[in-house]
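Working notes, beginning with the structure itself.
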Amino acid sequence: MAINEKYTKPYDPSLYEKDIYAAWEASGYFNPDHLPGERSENFSIIMPPPNANGSLHAGHALFVTIQDILIRFHRMQGKKVLWQPGADHAGFETQVVYEKKLQKEGRSRFDMTREELYDEILAFTMENKSFMEGQIRDLGASCDWSRQTFTLDDKVVAQVKKTFAQLQSDDLLYRGLRSVNWCPKHQTAFSNLEIQHNERKDKFYYFQYGPFVIGTARPETKFGDKYVVMHPEDARYSEYTHGQEIEVEWINGPITATIIKDEAGDPEMGSGVMTITPWHSGIDFEIAQRHDLTYEQIIDERGKLMSIAQEFEGMPIMEARAKIVEKLDAKGLLVKVDDQYEHSVPMCYKCTRELEPQLKQQWFITMKPLAEKALAAIDSDCVHFVTDQHKKIALHWLNSIEDWNISRQIAWGIPIPAKICTDCDHGMVDLADAITTCEKCSGPVVQDPDTFDTWFSSGQWPFTTLNFPEGSEYKDFYPTSVMETGADILMFWVLRMIMLGIYVTGDVPFKDVYLHGLVRDKKGQKMSKSKGNVTAPSEVADVYGTDALRMGLTVGNTPGTNMNLDPQKIGAYKKFANKLWNISRFIYTNVETFDIASYDTEALSPASQKILQDFHVIKTDIADDLQHYRIHLASEKIYHYIWHTLADEIIESSKASLDDSATTDARQDAQYLLLTLLGESLRLLHPFMPFITEEIWKDFPSEDKDLLMVTRW
RNA sequence: GCACGCUUAGCUCAGUUGGUUAGAGCAUCUCGUUUACACCGAGAGGGCCGGGAGUUCGAGUCUCUCAGCGUGCACCA
């Protein structure tokens, strides 16, 4: 197309983006092995694998944009660059999405075998995965698709199991009866990080329990309470001795209660006396363990009372609570009710239902030794946090880390390679699938039905994707240059990658950590489907173009803080794309007779030399910004330069020199200056707005030019 | 309870190691425009940088404190 014809129309992204991406992909330059020229330095990013269970949202668009900017910048700096993409099976997350789908179809996972469910979710995930990959391409991501990894690929699963066994042999793994966070709806346990605490006002009941008054918000758990705990120093109860037995009248008749003196009893709290329910409270369980007490399950996995509750058996919690209070009141044991009791209750982060602590045999990782090495790495800046506030949060969490429950009672995930004894419940790690009898009691064994917490495998992602330990990728690119991901998964993912990376490979998985905040709507509200305020990247890109979307997500978006995304802002960068289009039209149509290769730069006027020097300063400044992850500043600077310096000043003042009445020297001086600045500006802007810059670059008069994406700065 | 943030123009936000007259986008107002571009240009108004104290030759930036807003972790008889 003739230059004037092409540029006469406003820039229309939809005419060019698909073809340009295809040209990039066909060039092979996404793959570090096929990059042109000598490249001594390496630069690498492992892409956080998006969940393969739905469409990309604005947060995905943000991380793809930030990472692509860094990748393209370093590639144009002449580095050997790997951006390793992936897709996440996202265990529990995906299973929840799929269960909703089942529900709509009038089905339930509890009517299916684990194998049937697994196969159906696998098919569902694979379909979504390819859909999602198309959306990442649409955003312009220059990642190496030839190395794409799925979190259930054989190599990943094999390494994850190996690590599990290694933890066992290093004595960092145990299977034990512990209080776990159990969701009665989803029928699985969660790690401590996955639970959400909600403030709530509830009734708080005081009951007469023998000579004591005890308080509780959960009367329905009290059937098995046969221990009375008080602080050993509490003078009010000095007449009672540890282990002393007393007869008390309780919900379903008289029981024998035992006095326990333990420092967990807080004299300041209520009467200073409490009864304990070890099966349904982590703290109570610890007390029970300290004193070797017995305990019993009161509430079943579905949230219903068990046979110990006698007449209340089978009732759901809330129904039982009211009736038990009624009965205790009738027996004259209800002392008072406080209905202004504020407390926070643990909820399932998915269904916002109350979690029920249950005692379960689960696999736990002993985290302290792993955390200590991570702390040292962060402290010494071997892992450098770009955002200082997240370094503080990381140190705080690692310093008070708790053991990690990695067992999940869901089908969609990596099966835990272990055998469980059906007689004594003893668990044995079994990578080779060779164990047939219990090592403790010689009883029969079955495969552990549970799967790993997704974050256990994700935590090993950097080195598994790079083919640890023998792969060339691992040798060339580990530790990777920077981990860029959402600040909301700092503890879930980033810190676990650091801990497991150091543990398995002996080295940190990445040198820098760059965390971005949430993308919210223009009013600062969290985007959600139910609110209808979701900005779908694909829809925005259709209206304004991908380049405009990328700029809108980038300019002024400080690392680590949330951003409010106003579509109007993206519209502003659509205007900018068109401005650049017209700048190019003006320059190209005015240099058609000019041969830049044969122009003698010695002849350049001092004024033009000064302009080029000024440009060089800006360019150095922008490069420095990008080296230091100041993407929000770099993008604004190049925007400002192109519009308000190149267009408003340099082009405007060049018009006189390009006029017919001007001398040949003056005209050539202006032509050289404008063409040079256009070429340079396209390079600088390319990482941010890759499509339009590549398209304009096609018309740049140069002998042996390659794609702009591999043109050096 | 422990910890981490935020507060700058009407709105959304930048402001890197303290250093000229505190910036941008959007919005508002005025003027201009047969042209590279109305997806335009020139210009204007608008800010005791949350309050107070301190360090300094100099503070939006550092320290302390108060207030408001937000977030994470933990606990909950």
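The values are calculated or read from the model by the stated rules, or taken from the named source; none is laboratory data. What you see is a predicted model, and the numbers here were worked out from it, not measured in a lab. Here the Cβ is made from the backbone with ideal geometry for all residues, glycine too, and neighbour counts use every protein chain on show. All accessible areas refer to the heavy atoms of the entire protein, side chains included, with ligands and DNA or RNA removed. Shrake-Rupley method; radii C 1.70, N 1.55, O 1.52, S 1.80 Å.
The share of accessible area on segment A:338-485 that comes from carbon and sulfur is 50 percent, using a 1.4 angstrom probe. How many percent of DSSP beta bridges within chain A run antiparallel, rounded to 5? Taking every DSSP beta bridge with both residues in chain A, the antiparallel ones total about 70 percent. Gain on full extension, evaluated as 0.36 nm per residue between A:E115 and A:R302 minus their Cα-Cα distance, stands at 65.1 nm. Evaluated over segment A:255-400, the count of Lys pairs having alpha-carbon atoms less than 20 Å apart is 10 (only pairs 8 or more residues apart or interchain). Long hydrophobic helices in chain A: the complete DSSP H runs spanning 18 Å or more by Cα along their own axis with mean Kyte-Doolittle hydropathy of at least -1.0 are A:13-27, A:58-76, A:91-104, A:114-138, A:154-169, A:317-330, A:567-590, A:606-627, A:664-685. Other residues within the sphere of radius under 15 Å centred on the Cβ of A:Y544, judged by their own Cβ, net out at -1 (K and R +1, D and E -1). Approximating the spin labels as points 7 Å out from Cα along Cα→Cβ, the A:N4-to-A:V446 distance works out to 8.2 nm.
Taken as Cα centroids, segment A:644-698 and segment A:231-259 sit 89 Å apart, rounded to the nearest whole angstrom.
Rolling a 1.4 angstrom probe over the protein heavy atoms with all chains in place gives segment A:213-336 an accessible area of 49 Å² per residue. Check cross-link reach from A:K80 to the aspartates and glutamates: straight Cα distance under 15 Å, and skip same-chain residues fewer than eight apart. In chain and number order, the partners are A:D33, A:E38, A:E41, A:D68, A:D144, A:E473, A:D476.
Database remark: amide H of A:L355 closer than 5 angstrom to the amide H of A:M347, A:C348 (H placed geometrically; neighbours at sequence offset of 5 or more, or on other chains; Pro and chain starts carry no H).
Keeping all protein chains in position, work out how much accessible area A:K155 exposes to a 1.4 Å probe, and write it in Å² to the nearest 10. Per-residue accessible area (A:K155): approximately 80 Å².
Note on surface exposure: A:R585, A:R550, A:R218 rank A:R585, A:R218, A:R550 by accessible area, highest first, 1.4 Å probe. Here segment A:114-212 exposes an accessible surface that is 47 percent carbon and sulfur, computed with a 1.4 Å probe and the other protein chains kept in place. Put simply, when A:103-110, A:78-85 are sorted by average Cβ atoms within 10 angstrom per residue, most first, you get A:78-85, A:103-110. The largest accessible area among A:E326, A:E93 belongs to the first residue in A:E326, A:E93, and the rest follow in falling order (1.4 Å probe, all chains). Reported value for segment A:105-251: 310 Å³ per residue, from the convex hull of its C-alpha atoms.
Between the C-alpha center of segment A:29-81 and that of segment A:482-498 there is a gap of 18 Å. Computed on chain A, the Cα convex hull volume stands at 190 Å³ per residue. Calculated accessible area for segment A:343-464 comes out at 40 Å² per residue, all protein chains present (probe 1.4 Å; ligands, DNA, RNA ignored).
Count Lys and Arg as plus one, Asp and Glu as minus one, and take only other residues whose Cβ is under 9 Å from that of A:L565; the net charge is then +1. FRET efficiency for the pair A:E263 and A:H384, taken as 1/(1 + (r/R0)^6) with r the Cβ-Cβ distance and R0 = 41 Å, rounds to 0.45. Taking 0.36 nm per residue of separation and subtracting the Cα-Cα distance, full extension of the segment from A:T256 to A:D12 would add 79.6 nm. Extending 7 Å from Cα along the Cβ direction at A:I435 and again at A:D423 yields two label points whose distance is 1.5 nm.
A Förster distance of 51 Å, applied to the separation of the beta-carbon atoms of A:E649 and A:K511, puts the FRET efficiency at 0.80. Net length available on complete extension from A:D614 to A:V337 is 92.1 nm, with 0.36 nm assigned per residue and the Cα-Cα distance removed. Computed from backbone phi, the HN-Hα couplings of segment A:246-252 come to 9, 8, 10, 8, 10, 3, 10 Hz, rounded to whole numbers (Karplus: 6.51 cos²θ - 1.76 cosθ + 1.60, θ = phi - 60°; Gly and Pro given as x). Taking the alpha carbon gyration tensor of segment A:377-430, multiplying each eigenvalue by 5 and rooting it gives semi-axes of 37, 13, 11 Å, largest first.
At 1.4 Å probe size, with the rest of the protein present, what percent of the exposed accessible area of segment A:259-313 is carbon and sulfur atoms? Summing carbon and sulfur atoms, their accessible area is 44 percent of the total for segment A:259-313.
Accessible surface area normalised per residue over segment A:1-68 is 44 Å², counting heavy atoms of protein chains with a 1.4 Å rolling probe. Computed over chain A, the per-residue total of -39500 (n - 2.57) for DSSP H runs of n ≥ 4 gives a 222 nm mean residue ellipticity of -12500 deg cm²/dmol, rounded to 500.
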